[in-house]
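Here you go, one structure.
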Amino acid sequence: MGLEAEYSRERVFNTPLCEQGLVGFGIGMAAMGHTAIAEVQFADYILPAYDQIVNEAAKYNYRSGGQHSAGKLTIRAPCMGVGHGALYHSQSVEQLFMGVPGLKVVIPRSPIQAKGLLLSSIRDPDPVIFLEPKILYRSSLIDLRTILPWDRETVVESVRKTGRCVIVHEAPVTAGVGAEISAHVQKEAFLNLEAPVERVGGWDTPFPHVHESFYKPGPTRILDALVRTLTY
């Protein structure tokens, strides 16, 4: 994302791979009045920092009688399953923090919500656990609107982020617009692809009268294509 280049290494930097340490560092920064965003690689690994979060960040304001606070601390962590994460990369940990006074727990359900809620969390007067479902950012819906010319940059940028591409159009698949898009994606983002490009379109037959609903791409065929790309 280029955050380090935009905001400098003094504001965006890596920490040792020690959740207790990086959260403790964030608490100290917040207590000194700085806005601190600590990012844990997986929510499963937030447990080593549980003591710091529950007994320090959450209680600091109460313990000092309102004189001090770690309220400028936001802890981000991807959570929940997305496939192949198994025991230590797919857990949901929100219930571990629900009974902790002094904390707020946020789980957005869409990229638009994530942006607004993250900004709100950063500005919130209390420490916030911001849990982001991994599948939240793994898809984007692009409506091309124009196909000559078509927005190559947006499509390629999306594929480079998600690693996958499913193209849907009602016209027959053979020699369709999807073939052109697929060729360009594989040329410009081949090394980013986690699965073959999927195309979902009409069958290579005249448009049938009785079987019209079976000819057009429907939810079932689109879902099947999505599943194939995610489980490849």
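Values quoted throughout were computed directly from the atomic coordinates according to the rules given, and no laboratory measurement underlies them. Fair warning: this is a prediction, and the values are worked out from it, not measured in the lab. Neighbour counts are summed over all protein chains in view; Cβ atoms, including those assigned to glycine, are modelled from backbone coordinates with ideal geometry.
I need the shape label for segment 176-220. Rule: rounded when a/c is under 1.5, else prolate if a/b > b/c, else oblate, with a, b, c from the alpha carbon gyration tensor.
prolate
Quick check on the chain: helices-only [θ] at 222 nm, where DSSP H runs of length 4 and up contribute -39,500 (n - 2.57) each and the sum goes over total residues. Nearest 500, please.
Calculated at 222 nm, the ellipticity per residue is -9500 deg cm²/dmol.
Output the relative contact order of the chain, whole-number percent, from Cα pairs under 8 angstrom with separation of 6+ residues.
This gives 14 percent for the chain.
Check V200: other-chain or 5+ apart residues with amide H under 5 Å from its amide H, H built from backbone geometry?
Under 5 Å from the amide H of V200 lie the amide H atoms of I167, V168, H169, each far enough along the sequence or on another chain.
Next question. Under 16 Å from a point 7 Å along the Cα-to-Cβ line of W203: which residues of segment 163-192 have their amide N that close?
From segment 163-192, the list is 170-174.
Which order do I53, I112, I135 fall in if you start with the one that has the fewest other Cβ atoms within 10 Å?
I112, I135, I53
If contacts are Cα pairs under 8 angstrom and at least 6 residues apart, what is the relative contact order of segment 150-231 in percent?
Here the relative contact order equals 36 percent.
Keeping to pairs on different chains or 8 or more places apart, tell me how many lysine pairs in the chain have Cα atoms under 18 Å apart.
Lysine pairs, 8 or more places apart or on different chains, close enough: 9.
Using DSSP to define loop residues, name the chymotrypsin sites (Phe, Trp or Tyr not before Pro) in segment 1-87 whose beta-carbon has at most 12 other beta-carbon atoms within 10 Å.
Those satisfying the criteria are F13.
How much space per residue, in cubic angstrom, does the convex hull of the C-alpha atoms of the chain take up?
160
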